[in-house]
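Visitor: Supplied in structure tokens, the structure appears directly below.
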Amino acid sequence: MAVRAGGRRLGVQVLLLGLLVAAPHSVTAQDEDGGVGCPMEVTVPWTYAEEVKVDLSESVKFDDLGNPLALSTICTCPAAPDDAAMSTVCTCEGPKQDDCDTYARMLAVVMLTAEKFFGVFMHMGELEDKYHIQNVAFFLVLGSALVWTGFIMIMYSEIKAVLIVRERDERDRLLHGNYLKRNESKMREMNASEEAMLVPRPYLTMIGAVLLWLGFLAQLLPFCNILALIFPGLEFFKGMCWLFVIMVTLVIGAATVLLLVGLIWSCTRGWAALVLVTLGLLGECMVFGGILPIILWLVLSVAILYLYFKWAPDYYEETEGDRREWLQDLGNWYKMSAQVDDWMVAASQQGQTLGNEGLGFVKAVPGGSNVIDAVAPSIGRPDSTGSAGSRDVPSGGI
């Protein structure tokens, strides 16, 4: 069955490229000698529950190209008996000698690997025509999983940032009211610790936003296939439907992220939260207005976010020495790096933070401290510098 153009064509190409690089395959004496001939045997390090037959001329097809692999090789892999080893010897043959050369062997391994681990994607065209309901349900479940994963990542990242910022605001209030004595060394230490905890925040939020958008996209994109069945005479409709769904889900995802982040920050950054919530609600409404309102909302949102969070604060700090009270920030939102080393530092910091939080959760459970002492007595004990995860403020001030 022909693989439809558009998004699926790109997905199959990426899948083939990745599998071609990563897939294992057996090398026979014929490969080492550089010879060709049919038939040939290909050994894969896994078994199949049922007999598998892969036709390389039919495995990948485009609307404008009948046999893009230029091969007529057919590989047959027997079903594994109960006492079978952990590998399968597949027999491949074709009408030409080129159907069994090294190129054909490598592609055969790629297709057999895809058949084993990505069978649902390799046969998606058949599933669409034969089981439309099941196909839509598959993408609905996949999209729901992505949406919830992105939602949880954004909630975790932003709530943690809000807690840190609220604690810093309260500390500054106590210092300005002379309720606490200022200790510069302690202040630098606490600020450095908080900044380190905020390092992974923008990456987690952005990854969560992307997952949220991909989840919405996965949920809505299959309906283009159903609509194409209702209007079979519109040959261009399916491609236009995909473009429309991508645009709409992009707006829904962006508006949802703005609305969610705004609600989270409403407890400590009221003006900034008002900007985000307003843009989020406006975006959700613009979805029903068509392409022109959607494009207008995208341009307007980018302009407002830049003016409020970047241009206006810089302007007032340069002209008046301090920003206005109604110009509020959201922590270290702009502190993102394009360097891989900085990404690794953020990932390492996030792993350490999750470990500390998991340790704190176990300690909060009755008897948890005893379990930690029995399993790993050194965990949680103060080190030589006395920085054993405690953030208590000494009586002498901060």
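The values are calculated or read from the model by the stated rules, or taken from the named source; none is laboratory data. The structure displayed is predicted, hence computed values, not measured ones. Glycine also receives a Cβ, built like all others from the backbone with ideal geometry; neighbour counts cover every protein chain displayed.
Visitor: Take the residues in region 155-190 that are part of a helix (DSSP H, G or I) and among the basic types (Lys, Arg), then tell me which one is farthest from Ile264 (Cα to Cα).
Guide: Only one residue tops the list, namely Lys186.
Visitor: Moving on to the next point. If you check Val109, Val120, Val147, Val136, which single one turns out to be at pLDDT below 85 and surrounded by 16 or more Cβ atoms within 10 Å (Cβ to Cβ)?
Guide: Sole residue among the options that is at pLDDT below 85 and surrounded by 16 or more Cβ atoms within 10 Å (Cβ to Cβ): Val136.
Visitor: Out of (1) out of contact with any helix residue (DSSP H, G or I) (no Cβ under 7 Å at 6 or more places or on another chain); (2) over 15 Å from Glu50 (Cα atoms); (3) in a strand (DSSP E or B), what's the single condition that is false for Cys92?
Guide: Of the numbered conditions (1) out of contact with any helix residue (DSSP H, G or I) (no Cβ under 7 Å at 6 or more places or on another chain); (2) over 15 Å from Glu50 (Cα atoms); (3) in a strand (DSSP E or B), the odd one out for Cys92 is (1).
Visitor: Mind counting the residues in region 169-185 that are surrounded by 15 or more Cβ atoms within 10 Å (Cβ to Cβ) and closer than 27 Å to Ser348 by Cβ?
Guide: Residues in region 169-185 being surrounded by 15 or more Cβ atoms within 10 Å (Cβ to Cβ) and closer than 27 Å to Ser348 by Cβ: 1 in total.
Visitor: Out of the residues in region 61-85 that are of a type outside the set (Gly, Ala, Ser) and over 18 Å from His123 (Cα atoms), which is modelled with the lowest pLDDT?
Guide: Asp64
Visitor: Please go through region 191-210 and pick out each residue that is part of a helix (DSSP H, G or I) and closer than 17 Å to Gln352 by Cα.
Guide: Matches in region 191-210: Ala192, Ser193, Glu194, Glu195, Ala196, Met197, Leu198, Arg201, Pro202, Tyr203, Leu204.
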